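Right, one structure below, let's go through it.
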Amino acid sequence: MITCPDCTPAQQYVLEQLQTRAEVTDKTALAVILGNIEQESNFRPKVCEGGAIVPYDQCLRGGYGLIQWTSQNRYDGLGAFCKQWRCDPSSLEGQTRYMINEMEFRDDLYSFQLKHQTVEYYMNSAYYWLGWGIYGNRGQYTYSFLNKLQ
């Protein structure tokens, strides 16, 4: 199992869940996913687009959570998933569970499960999964994780 001793507890939790629940085991794929989450939310599950830290039901516009679920369908999906599975949509655990089970992630999961691909290959899959508008520091964060993952 790939570990990250220098990562935060939230980063370590997501890393472990990606490996055990989603069967993503390639170091580069994991670094790309973690780098994208860092860009989207800095691993803060209660962050509403713009920086407000609020519970799920108080983020009324823009993206919310770990991957900044922005479209109404994806935002509502988080709430419906957590209601069905009795998890907190404001929590790291609930959002990680939803993220791994969400259709958009599942549609690209096979790409992340492939081994020995390039950062660019996995980043392309991350784009389709997240649909980001701004690339930002995703690449920089990815390489930082690549250096920390063991």
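Please treat every number below as a calculation from the coordinates, not as lab data. For clarity, every value in this text was computed on a predicted model and none was experimentally measured. Note that we place each Cβ from the backbone using ideal geometry, even for glycine, and neighbour counts take in every protein chain shown.
Quick notes on this one:
- Packing rank of 68-78, 93-103, where each peptide gets the mean count of other beta carbons within 10 Å, highest leading: 93-103, 68-78
- Under the criterion of Cα pairs below 8 Å and six or more residues apart, the relative contact order for the chain equals 35 percent.
- Peptide packing: for 131-137, 34-40, the average count of neighbouring Cβ atoms within 10 Å per residue gives the ranking 34-40, 131-137, highest mean first.
- About its Cα centre, the dipole of the chain is roughly 140 debye, where the only charges are +1 on Lys and Arg Cβ and -1 on Asp and Glu Cβ.
- Straight-distance crosslink candidates among lysines, where the alpha carbon sits under 30 Å from Lys148 and sequence neighbours closer than 8 are dropped: Lys27, Lys46, Lys115
- Gaussian network model of the chain, Cα within-10 Å springs - most flexible of Val14, Val47, Val119: Val119
- When each of the peptides 105-113, 59-67 is scored by how many other beta carbons lie within 10 Å of its residues on average, the order from highest to lowest is 59-67, 105-113.
- Long-range HN-HN contacts of Trp69 with modeled amide H, under 5 Å: Tyr64
- Mean Kyte hydropathy of 0.0 or more with a Cα span along the axis of at least 20 Å, helices from DSSP in the chain: 27-41
- Fully extended contour minus Cα-Cα distance, from Gln58 to Met1, at 0.36 nm per residue: 16.8 nm
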